[in-house]
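Read through the structure below, which is laid out as structure tokens, and then see the notes.
Each value in this text was obtained by applying a stated rule to the coordinates, not by laboratory testing. Given the structure is predicted, the values throughout are model-derived calculations rather than measurements. Quick reminder, even Gly has a Cβ in these numbers, built from the backbone with ideal geometry, and neighbours come from all protein chains shown.
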Amino acid sequence: MGWWSLTTAIMTCWIPSFMLKKYGGMTSPMVQKAWREKVTLCLLIFLLCVLLGFFTYSFTATFCKKDPIPTFTVSEVSKYTSDYKPHIFIINGDLYDLTDFIQKGGDIYAPEVFANYTGKDASPLF
């Protein structure tokens with residue numbers, strides 16, 4: 001008995017041969033073997049899909065430690081004014097520090113536009 005025959009026997013051991021004869025109409029041992037191989041292939045494909053789904057959706061959540069995300073209140077962010085460095089903004093609910101961008105001259109209009117929004121919600125600009 002080869003490894004494939006052993007695998008099909010193990011994967012389909014829950015279906016006895018007499019049931020295949022009586023309810024499946026498979027009287028020939030070769031037909032039963034072919035059916036067991038097809039069922040084994042389907043089960044292996046299903047198990048591989050489950051494994052792929054685990055790696056796609058659950059692997060990082062299961063094995064990787066998550067660092068806590070720092071949270072800031074609006075009052076903490078609002079203490080920064082236009083003359084204060086760093087230039088911190090709230091954009092679409094996320095906190096951004098654009099100090100380096102403004103100081104390096106990333107945009108010629110950035111200092112005067114963002115000066116009004118330092119420590120505030122700059123979402124309307126985007």
Cα-based equivalent ellipsoid, segment 1-67: semi-axes from gyration tensor eigenvalues, Å: 36, 12, 9
Modelling each spin label as a point 7 Å along the Cα-to-Cβ direction, I'd like the E76/L125 distance in nm, to one decimal. 2.2
Note: I45 to M1 extended length (0.36 nm per residue) minus current alpha-carbon separation gives 13.6 nm
